[in-house]
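Student: Let me begin by handing over the structure; questions about it come next.
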């Protein structure tokens, strides 16, 4: 097996004196879609935040594409090629959609023409964003906001995109559209790690799945295998 | 005719007020820091213009160009070295910090410049423009135009430039901005630097009109407070509207109630706004 793109080993992290992650191990292959599932409070969001540098790892290593990121600040993580679409989208709500997307390209140094070309790509992928580009992001519906947030993440030209809670609060038709877009991006070579509370959706789009519980990865493997695992089915899919 | 004259006086004053308040409002809005130093920065900018004119004959309009980079650097360094250390602390603690720094600065100015009022008097004077019966002193008119131009430049910087977008993004959501690769502490320092720049650059403009004294700092600070409440916090258009409104209110207030009540009037206005429209005349727009 080739060297994984993202390799996390023994990562501990938390907030103040409250530890949340208790030695997380996880490896994502280059060019795959992986998903991270688990119940509320399992530490999924904290793991995302630790990868992107918002939370400092207190122990362990986060290796990405040959670089060690466990002690990196968020700007260094993005510069290394990991963009993070945070839980709740966190768009700049009183900024126009176009300015939100340009914020995604904040660190880029490859020139205005390249950024403009990527804007066009985003508008082609999500035409609603093009129609409403001068409107404030706060006026978008939930699904449109998620499109904008994903597009904003992509504007940083990352090698890997982390998406925290892809489908939360969204209509099934919108989730299908987002999943199609993610598969298309993946075919173009983007690696994805998706945190998803809807385990059925997660296992459907991801090649590998990681199950998190109380700050550790408790199960992992091919999505298809996990989907047929009786324990997983009982705990997360609600049917036997 | 008299009321037109009073209105014109008020607008001229209001343009200067807008410039005073824009930087204060920016710092408060983005950093959640109430910068008590703001008034003393204005006074210090005034002294810079006074001595540049008295010693070297440098016109106050030119002094602005000297004051701007100096004050930006001063603000940037102050934020980087001191205020960033406690930026996450409750607002009263950062207020205490800037209050303490202000005590040092204003007392330092008392020692250096004494409490005597100094007046920058242009020689030869620029004269008075007569517009259909409305008399407008040319120095005041120029000062207002420059003040509004500075405020407009700040607005353009915030709404059109990459660094301005980053400042606005940090104001809206610090963490999301960090995920975009924005170095938040650096943006804080740039923002504080811009606030200081606006204060330092409005000093020379005010020095052409009002006498300069270290004791004027709190007066300017009070105006900045009232304007922020009038226009809405953290927005340049808000500071513009609030500044012009305060200028006009003070002008008419001076006519109707006597100039000695100007400060009473403006703080009465502040209390009324807080009671009935705490988001300011423009509401909370948040953008730039």
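Student: In region A:100-198, what is the volume of the convex hull around the alpha carbon atoms, normalised per residue and reported in Å³?
Tutor: Numbers: hull volume 9.8 nm³, N = 99.
Hull volume over Cα atoms, normalised by residue count, gives 99 Å³.
Student: Another question about this same structure. So what's the gap between the Cα centers of region A:150-183 and region A:14-52, to the nearest angstrom?
Tutor: 18 Å
Student: A further question follows. For residue B:55 and residue A:9, what is the calculated FRET efficiency with R₀ set at 56 Å and r taken between the beta-carbons, to the nearest 0.05?
Tutor: Numbers: r = 66 Å, r/R0 = 1.18.
The formula returns an efficiency of 0.25 here.
Student: Taking 7 Å along the Cα-to-C-beta vector as the label spot, tell me the residue A:112-residue A:61 distance in nanometres, rounded to one decimal.
Tutor: 4.3 nm
Student: How high is the relative contact order of region A:91-157, in percent, with contacts defined as C-alpha pairs under 8 Å that are six or more residues apart?
Tutor: Across region A:91-157, relative contact order equals 55 percent.
Student: For each of A:22, B:256, count neighbouring Cβ atoms within 10 Å of the residue's Cβ, then give the residues from fewest to most. Mind showing how you got there, number by number?
Tutor: Details: A:22 15, B:256 10.
Placing the least packed residue first, the sequence is B:256, A:22.
Student: Can I ask one more? Provide Rg and Dmax in Å for the protein assembly as shown, with only Cα atoms included in the calculation.
Tutor: Rg, Dmax (Cα atoms, Å): 27.9, 94.
Student: Further question on the same structure: With just the Cα atoms of region B:2-276, tell me how far they stretch along each of the three principal axes, in Å, largest first.
Tutor: Per principal axis, max minus min of the Cα coordinates gives 58, 46, 33 Å.
Student: Still on this structure: Taking the Cα atoms only, what angle lies between the long axis of helix A:142-154 and the longest principal axis of chain A, rounded to 10 degrees?
Tutor: So the inclination is approximately 90 degrees.
Student: Mind giving me the FRET efficiency for residue A:188 and residue B:104? R0 is 60 Å, r the Cβ-Cβ distance, nearest 0.05 is fine. Could you put the intermediate results ahead of the total?
Tutor: Numbers: r = 58 Å, r/R0 = 0.97.
FRET efficiency, residue A:188 to residue B:104: 0.55.
Student: If you don't mind, there's one more thing I want to ask. Give me the three principal axis extents of region B:159-205 from the C-alpha atoms, as integers in angstrom, largest value leading.
Tutor: 40, 21, 14
Student: Another question, then. Where Rh denotes the Kirkwood radius from the mean inverse Cα pair distance, what is Rg over Rh for region A:33-189? Don't jump to the answer; show the numbers that get you there.
Tutor: On the way: Rg = 15.4 Å, Rh = 16.2 Å.
Ratio of gyration radius to Kirkwood radius: 0.95.
Student: Okay, next question. Can you tell me how much longer the chain between residue B:261 and residue B:128 gets when fully stretched, taken as 0.36 nm per residue apart minus their C-alpha distance, in nm with one decimal?
Tutor: Details: separation 133, 0.36 × 133 = 47.88 nm, distance 2.70 nm.
Answer, rounded to one decimal: 45.2 nm.
Student: Return, for the Cα atoms of region B:23-65, the radius of gyration and Dmax in Å, separated by a comma.
Tutor: 13.5, 39
Student: Further question: If the label point is 7 Å along Cα→Cβ of residue A:222, which residues in region A:1-28 have backbone nitrogen under 12 Å from it?
Tutor: none
Student: Based on DSSP H runs of at least 4 residues, each adding -39500 (n - 2.57), what is the mean residue ellipticity at 222 nm of the protein assembly as shown after dividing by all its residues, to the nearest 500 deg cm²/dmol? Don't jump to the answer; show the numbers that get you there.
Tutor: Numbers: 20 runs with 293 residues, N = 528.
My calculation for the protein assembly as shown gives -18000 deg cm²/dmol from helical runs alone.
Student: Another question about this same structure. Taking the beta-carbon count within 10 Å as an exposure proxy, list A:159, A:44, A:121, B:223 from fewest neighbours to most. Write out the running numbers ahead of the final one.
Tutor: Working: A:159 17, A:44 21, A:121 14, B:223 26.
Ranked by crowding around the Cβ, least crowded first: A:121, A:159, A:44, B:223.
Student: Counting other beta carbons within 10 Å of each Cβ, put B:264, A:46 in order, fewest first. Walk me through the numbers on the way to the answer.
Tutor: Details: B:264 11, A:46 22.
Ascending number of Cβ neighbours within 10 Å: B:264, A:46.
Here, each number is a calculation from the coordinates, and none is a lab measurement. None of these values were measured; they are calculated from a predicted model. Note that we place each Cβ from the backbone using ideal geometry, even for glycine, and neighbour counts take in every protein chain shown.
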